[in-house]
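So the structure is just underneath, and the comments pick up after that.
The values are calculated or read from the model by the stated rules, or taken from the named source; none is laboratory data. All figures in this text were calculated on a predicted structure; none of them were measured in a lab. Neighbour counts are summed over all protein chains in view; Cβ atoms, including those assigned to glycine, are modelled from backbone coordinates with ideal geometry. Please note that ligands, DNA and RNA were not included when accessible areas were found on the heavy atoms of the full protein model with its side chains. Shrake-Rupley method; radii C 1.70, N 1.55, O 1.52, S 1.80 Å.
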Amino acid sequence: MSANTFGVLFRVTTWGESHGPAIGCVVDGTPPGLALSEADIQPWLERRRPGQSRFTTQRREADQVVILSGTLEGLTTGTPIALQIQNEDARSKDYSEIADRFRPGHADYTYFQKYGRRDYRGGGRSSARETASRVAAGAVARKVLGAGVVIRGALVQMGPHAIDRARWDWAEVERNPFWNPDAAMVPVWTEHLEAVRKAGSSTGAVIEVVAEGVPAGWGAPVYGKLDADLAAALMGINAVKGVEIGAGFAAAALSGEDNADEMRMQGGRVTFLSNQAGGILGGISTGQPVVARFAVKPTSSILSNRRTVTTAGEDVIISTKGRHDPCVGIRAVPVGEAMMACVLADHMLRHRGQCG
C-alpha cells in the first residue's frame with residue numbers, strides 16, 4: 001500500500017493496523033539537538049486516548065509511546081525518529097460476523113475493490129486508531145516549531161448544535177469532555193449525545209484549530225501553498241468530509257469590503273484589522289493566527305440495521321457491534337492539532353531552506 005507518508009522536509013510515515021500488535025510512525029527531517037523524550041510525547045497522546053468518558057469508545061488503550069530510534073542522551077540526532085504504540089485491547093472477535101460484509105459508510109468496499117482483500121478487524125489501516133500515530137508525530141512537530149507557536153483546537157459544533165462564538169473561552173475547552181469553548185453549550189451537547197448513544201446511533205461535528213505565533217512568510221506559491229497543504233492534511237483525517245480556512249465557505253456571502261483584511265501600521269509593524277483569510281494569503285502566512293475548520297461525519301459504526309452486500313455479491317442486513325465513538329469528532333480535536341503542527345513544522349523548515 002502506497003501513500004502512507006506526508007510532508008516534504010518534515011516527513012511522517014505511519015504504519016500498523018487497528019487490531020495488529022502495534023501502530024506507530026517514523027518521523028524524518030527533525031533537526032538535531034532538540035530535547036525529546038517519551039515524556040514530551042505522552043501528554044498529547046493522553047488527550048486523544050480512548051475510554052476517558054462515556055461519550056467515547058470504551059476500548060482501553062494506554063497508548064504508551066516508545067522511542068525506538070532518532071535520539072541519543074535525550075536529544076534528537078537528525079536521523080529518523082521511530083515511535084511505537086502497542087495495541088493492548090483489540091477484540092477482533094467483535095468483527096468476525098461481518099468479515100464478508102461491507103459496512104455502509106466505511107472504507108470496506110473501496111479497500112476491497114482496490115486491493116482484492118481487506119482487514120475486516122476494525123478496518124485495519126482505515127481505522128481511526130491510526131490517528132494516534134499522527135498525534136505522536138505532532139508532538140515531535142511542536143518541538144520543531146518551538147514554544148513560540150501555540151496550537152489549540154476546539155469542537156465548535158456537534159450535530160445541529162453550534163457554539164456562540166461571543167462566549168468563546170479557551171480555558172473552558174479543558175474543563176469539559178467535548179473540547180467545547182462555550183460553557184453554555186455543554187449541557188446541550190450532553191443531552192444530545194446521550195440520546196444519540198442510547199439510540200445506538202452517531203452524530204457529526206465541526207472542529208476548529210488555531211495556530212498563533214506563526215510568522216509571516218511560511219508557505220510558497222503556487223503549488224506549495226500553506227493552506228493547500230493544511231487542507232490536504234486535515235482532509236486526510238478519518239471521517240473528515242470538509243475543510244475551510246478562515247471565513248471559508250462563509251466568504252461567499254461577504255462583500256469585497258467585508259472580506260478584505262485591511263491593514264495599518266502599529267508600533268512599526270503591519271497589523272490587520274480582521275482575519276477573514278485565516279492567516280494565509282496567496283498560500284503564504286500573514287503573521288496572523290492560522291485558522292482552519294474541518295467537518296467530521298457521523299461515526300459509520302452504528303447498531304441499527306443497515307442494508308449492504310457481501311463480498312460474494314449477496315444482499316444482506318448488517319448491524320455493527322463492538323466499541324465505537326458516538327461522535328468521533330470529540331477525539332478528532334487533538335488529531336487536528338497534530339496535523340496543523342506537522343504542516344507548520346514542514347513549512348518552517350522549507351522556508352528556512354529557501355530563505356535562511
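Restricting attention to the chain, lysine pairs at least eight places apart or on different chains and with alpha-carbon atoms under 21 angstrom apart total 7.
The GNM of the chain, with springs linking C-alpha atoms under 10 angstrom apart, assigns the highest mean-square fluctuation among Ala137, Ala332, Ala22 to Ala22. Each part gets one Cα centre, and for the range 132-157 versus the range 305-356 those centres are 16 Å apart. Distance between the pseudo-spin-label points of Ala260 and Gln113 (7 Å out from Cα toward the beta carbon): 4.6 nm. From most to least packed by mean Cβ count within 10 Å, the peptides 333-343, 287-297 give 333-343, 287-297.
Evaluating kT/(6 pi eta Rh) at 10 °C and 1.306 mPa s, with the Kirkwood radius of the range 137-223 over Cα pairs in the Stokes-Einstein relation, gives 105 µm² s⁻¹. Accessible surface calculations at 1.4 Å, restricted to protein heavy atoms, place the range 158-240 at 44 Å² per residue. Taking every alpha-carbon pair within the range 207-356, the share separated by more than 19 Å comes to 62 percent. With the Cα gyration tensor of the range 66-117 giving a ≥ b ≥ c as the square roots of its eigenvalues, does the rule (a/c under 1.5 for rounded; else a/b larger than b/c for prolate; else oblate) give rounded, prolate or oblate? Prolate. Output the 0 to 90 degree angle, nearest 10, between the alpha-carbon long axis of helix 38-48 and the longest principal axis computed from the alpha carbons of the chain. Result, in degrees: 60. With kT/(6 pi eta Rh) evaluated at 25 °C and eta = 0.890 mPa s, and Rh the Kirkwood radius from Cα pairs, the range 183-279 diffuses with a coefficient of 145 µm²/s according to Stokes-Einstein. What you get for the range 85-210, charging only the Cβ of Lys and Arg (+1) and of Asp and Glu (-1), is a dipole of about 540 debye around the Cα centre.
Compactness of the chain is given as radius of gyration and Dmax, 20.9, 70 Å, from Cα positions.
Our coupling estimate for the range 148-153, obtained by passing each phi through the Karplus curve with A = 6.51, B = -1.76, C = 1.60 and θ = phi - 60°, is x, 9, 10, 10, 9, x Hz, Gly and Pro reported as x.
Over the residues of the chain, the helix contribution to mean residue ellipticity at 222 nm works out to -8000 deg cm²/dmol, using -39500 (n - 2.57) for each DSSP H run of at least 4. Note on Leu303 and Ala252: with the Förster distance fixed at 30 Å, the Cβ-Cβ geometry gives a FRET efficiency of about 0.20. Stretched out straight at 0.36 nm per residue, the stretch from Val270 to Trp170 would grow longer than its current Cα-Cα span by 33.4 nm.
Short-range pairs are left out: with C-alpha atoms under 8 Å and at least six residues apart, the relative contact order of the chain is 22 percent.
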